[in-house]
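Below is one structure, written out as structure tokens, with a few remarks after it.
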Ligand code: MLT
């Protein structure tokens, strides 16, 4: 008899975005003539930029020649890409190429990183949160059971972020070993400035904790004093692992490429109190479980750092930033309270009082044929909120905003807003 990992049974029925996809598929099947606009999952819609395309074509051609063919590459990524990342993303931050691990996605990295941490570690997450951090800790056994009444897992420390604390998480009240932070934040679209982030770095240094910093949306920052990397904060190189992705920055959700940064100065501990390099552990894990990202994709990623690539990517990001502005301002003008959208591609909408997030989701889908993401799907503190993404097509985004505004007016008429 093969036993299963029963931790899986503690998870909610299905992953948030799968649940949404199923609901939308059912609606579309039952209403084939309705034009559904999807601002739910944060998936990019702009085509891959020409600089990336031509780098991919060239790399494909190379693979067809005796001299240019590559078999297994280095598990950690080719030097050309690791060097380009250091040069372009971490120039004055003292990060070295062997501290960069190229992968096929930040979601995988954020999920897999739990392999190198002890089971007894206490984990803190912000709430609402990108579900991957919590689910992967549940699967690996760091949580207790799910408590239906609180909507939380036992043994996990939740740090609420909501309008009453201006979306700035408080430091954990009890000692924790691992802290997940994602800024610019998914799902709220809000940010921490350097001073606020430093409090977490100081906490981690004082408590020998590790910060797992997801920086997937860094390219969308528009305001000054917002850190683009946690390593801009003094001391972070002792306590932080950073996850970055080309998905949202360069439209790579389908191409697949990301990286994790683990400075050689970041240590965990054995139960006996000996220091262990997390860079070494992750390297060991990577070489055991991963054969690297394909050569073609790594050449594609490298191309975003050419002058042409940078310019083309900037245009795409500006396109999405404009969508974010249209959503934010459109909804604000219609009387909705909205957060985020300035330094992030996510708009976090306060839904009419008394209404639950999933109820709003269903009504919006049925009445306005617009798909968003219910805030409660990201955790209990997300209840009462709703997320819209700026990754859609410009015309569709405008139309979606008009429909949401119209829907809001109908609710107002029935005193629901
Ligand atoms: C989201 O919508 O939260 C993201 O697209 C999910 C992801 O990046 O995996």
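Laboratory data are not the source of any read-out in this text; all were calculated from the coordinates shown. Given the structure is predicted, the values throughout are model-derived calculations rather than measurements. Every residue, glycine among them, receives a Cβ derived from its backbone with ideal geometry; neighbour counts consider all protein chains shown.
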Going by how many other beta carbons lie within 10 Å of each one, how would you line up 1, 56, fewest first? 1, 56
With a ≥ b ≥ c from the Cα gyration tensor eigenvalues, square-rooted, and the rule rounded for a/c under 1.5, otherwise prolate when a/b > b/c and oblate otherwise, the chain is oblate
Counting each DSSP H run of 4 or more residues in the chain as -39500 (n - 2.57), what helix-only mean residue ellipticity at 222 nm follows after dividing by all residues, to the nearest 500 deg cm²/dmol? -11000 deg cm²/dmol
Give the percent of DSSP beta bridges with both residues in the chain that are antiparallel, rounded to the nearest 5. 55 percent
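Counting residues in region 303-363 as N, plug N into 2.2 N^0.38 Å and put the Cα Rg over that result. Working shown, then result.
Values: Rg = 15.9 Å, N = 61, 2.2 N^0.38 = 10.5 Å.
Normalised Rg, Cα atoms only: 1.52.
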Cβ density ranking, 10 Å radius, fewest first, applied to 72, 90 yields 72, 90
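Would you please classify the overall shape of region 244-341 from the alpha carbon gyration tensor, given that a ≥ b ≥ c denote the square roots of the eigenvalues, rounded means a/c under 1.5, and beyond that prolate means a/b larger than b/c while oblate covers the rest? Intermediate values should be presented prior to the final figure.
On the way: a/c = 3.34, a/b = 1.62, b/c = 2.06.
It is oblate, given that a/c is not under 1.5 and a/b is not larger than b/c.
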Take 407, 213 and order them by how many other Cβ atoms sit within 10 Å, fewest up front. 407, 213
Quick note, region 71-130: a/c under 1.5 would make it rounded; otherwise a/b > b/c is prolate and the rest oblate (a ≥ b ≥ c, C-alpha gyration tensor); here it is prolate
Any chance you could check the Cα centroid distance between region 160-236 and region 321-394 for me, in angstrom? 23 Å
Rounded to the nearest 5, the percent of DSSP beta bridges in region 96-240 running antiparallel is 10 percent
